[in-house]
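Enquirer: Sending over a structure as structure tokens; questions will come in a sec.
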Amino acid sequence: MSRALALLVAIGFAAGAAAGTLREDFDAQSLAQAMARRPAVLLGEVHDNAAQHAVRAAALRRLLEGGARPAIAFEQFDRERQADIDRARREVAPAGKTPAEHVIEQAQPARGWDWSLYRPFVELALQYDLPIVAANLSRADAMRVGTGGFAAVFDEATRERFGLAAVPPALLAAHERAVDDGHCNRMPADALPAMARAQIARDLALAEAIRPHFARGVVLLTGNGHARRDIGVPFFLSAEERAQAVAIGLLERDKPEEDWARRFDVAFATPVQPREDPCATIPPRR
């Protein structure tokens, strides 16, 4: 294991061992105060939770009204669409489209995102002239990593820097458990390593995307899994960068405090989004 990766392992897993407290004061003021603690904010979410998105947008607006001018990094935009986003925001939106809608349309985001929930963040970025950062690894690249390993996407220098040739077994195993948990513990066992590699690759891509913006401040809008301080994006930040970042988890109340709150610097209990049983469409593991 490289010296750099050994340091990352120590930081990531030592941080994950500390116990956290699940806060009950989930509102725009409390969230804005948590976000203001450090320049880099890893702002977690449950992707379809409308209440979480509304409070996040209100908290971000409070920060901007107070003078903060962070870059806004989106898991929802794939990194290769950055040029399209930059071009679209320079253009005049066509008739019938708002500037935010035009940016989203030109970025050609992957299917599955409810843009009624994310549009307010694009609107705030445009209103305050903030960088919009396309941060995620595309689904196609994630699949390439899953089937072909990290060399399918990352160059030799990146693989060497982060020790991707020898990912710690504990990290891979933790991601396999997280992926399986996210799929109702019904995934075929032989599919988990590839899915875990893809998730690790996404964490690295998100970390690389926000790294250039630490000096001015950056807010990463991402799922709770990527915001986790033990195995998520913080795993790929240096010790100095980690000290400048706050990992915030927004946890639906059906998640047990002792299992989830400790994975973040700050964790809030939020309302549960009404939804159909997500496990109903996943066949039992054989």
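All of the numbers you see were taken from the coordinates with simple rules; none came from a lab. Keep in mind that this is a model prediction, so the values were computed, not measured. Ideal geometry is used to build each Cβ from the backbone, glycine not excepted, and the neighbour counts take in all protein chains shown.
Enquirer: Please work out how much length the chain gains when fully extended from Glu252 to Ala50, using 0.36 nm per residue of separation minus the C-alpha to C-alpha distance, in nm with one decimal. Could the numbers behind the result be given before it?
Expert: Numbers: separation 202, 0.36 × 202 = 72.72 nm, distance 1.16 nm.
Fully extending the segment from Glu252 to Ala50 adds 71.6 nm.
Enquirer: For the chain, what are the DSSP H helices with axial Cα length of 24 Å or more and mean Kyte-Doolittle hydropathy of at least 0.0?
Expert: Membrane-span-like by this criterion, though nothing is claimed about a membrane: 192-210.
Enquirer: How many nm separate the modelled label positions at Ala95 and Cys184, each set 7 Å beyond the Cα in the direction of the Cβ?
Expert: About 4.8 nm separates the two model spin labels.
Enquirer: Right, here's the next one. Only loop residues by DSSP count here, and only those with at most 16 other Cβ atoms within 10 Å; note down the trypsin sites (Lys or Arg not before Pro) in segment 216-253 that meet that. Before the final figure, lay out each step's value.
Expert: Numbers: sites: Arg216, Arg228, Arg229, Arg242, Arg253; in loops: Arg216, Arg228, Arg229, Arg253.
Those that pass, being in a loop and sparsely packed, are Arg216, Arg253.
Enquirer: Across every pair of different alpha-carbon atoms, what Kirkwood hydrodynamic radius in Å does segment 40-128 reach?
Expert: Working: mean 1/r = 0.0723 Å⁻¹.
After inverting the pairwise mean of 1/r, the radius is 13.8 Å.
Enquirer: Run the simple label-point estimate for Ile282 and Arg69 please: 7 Å along Cα→C-beta, distance reported in nm.
Expert: It is 4.4 nm.
Enquirer: In percent, what relative contact order does segment 89-200 have, based on Cα pairs under 8 Å that are 6 or more apart in sequence?
Expert: Values: 63 pairs, mean separation 23.6, N = 112.
It comes to 21 percent, rounded to a whole number.
Enquirer: 7 Å from Cα along Cα→Cβ at both Ala215 and Thr21: what's the point-to-point distance in nm?
Expert: 3.7
Enquirer: Moving on. In terms of the ratio Rg/(2.2 N^0.38 Å) built on C-alpha atoms, what value belongs to the chain? Each step should come with its number before you reach the end.
Expert: Numbers: Rg = 18.4 Å, N = 286, 2.2 N^0.38 = 18.9 Å.
Ratio of Rg to 2.2 N^0.38 Å for the chain: 0.97.
Enquirer: Rule-of-thumb check for segment 91-171: C-alpha Rg over 2.2 N^0.38 Å?
Expert: On the way: Rg = 17.7 Å, N = 81, 2.2 N^0.38 = 11.7 Å.
Dividing the Cα radius of gyration by 2.2 N^0.38 Å gives 1.51.
Enquirer: Roughly how many debye, to the nearest 20, is the charge dipole of segment 188-262 about its Cα centre, given +1 on each Lys and Arg Cβ, -1 on each Asp and Glu Cβ, and no other charges?
Expert: Numbers: 10 positive and 11 negative charges, 54 e Å.
Using Cβ point charges on Lys, Arg, Asp and Glu, segment 188-262 gives about 260 debye.
Enquirer: In what sequence, highest mean first, do 84-96, 197-209 appear when ranked by Cβ atoms within 10 angstrom?
Expert: Values: 84-96: 12.6, 197-209: 23.2.
Packing order, densest peptide first, comes out as 197-209, 84-96.
Enquirer: Calculate, axis by axis, the spread of Cα positions in segment 125-170 along the three principal axes, and write the results as whole Å, longest axis first.
Expert: 44, 23, 22
Enquirer: Return P(r) of segment 199-272 (all Cα-Cα pairs; 5 Å bins starting at 0; whole %; ordered from short to long distances).
Expert: Pair shares across the bins are 3, 17, 28, 24, 15, 9, 4, 0.
Enquirer: Between Glu160 and Arg139, what length comes free when the chain is fully extended (0.36 nm per residue of separation minus the Cα-Cα distance, one decimal in nm)? Working shown, then result.
Expert: Working: separation 21, 0.36 × 21 = 7.56 nm, distance 2.34 nm.
Length gained, Glu160 through Arg139: 5.2 nm.
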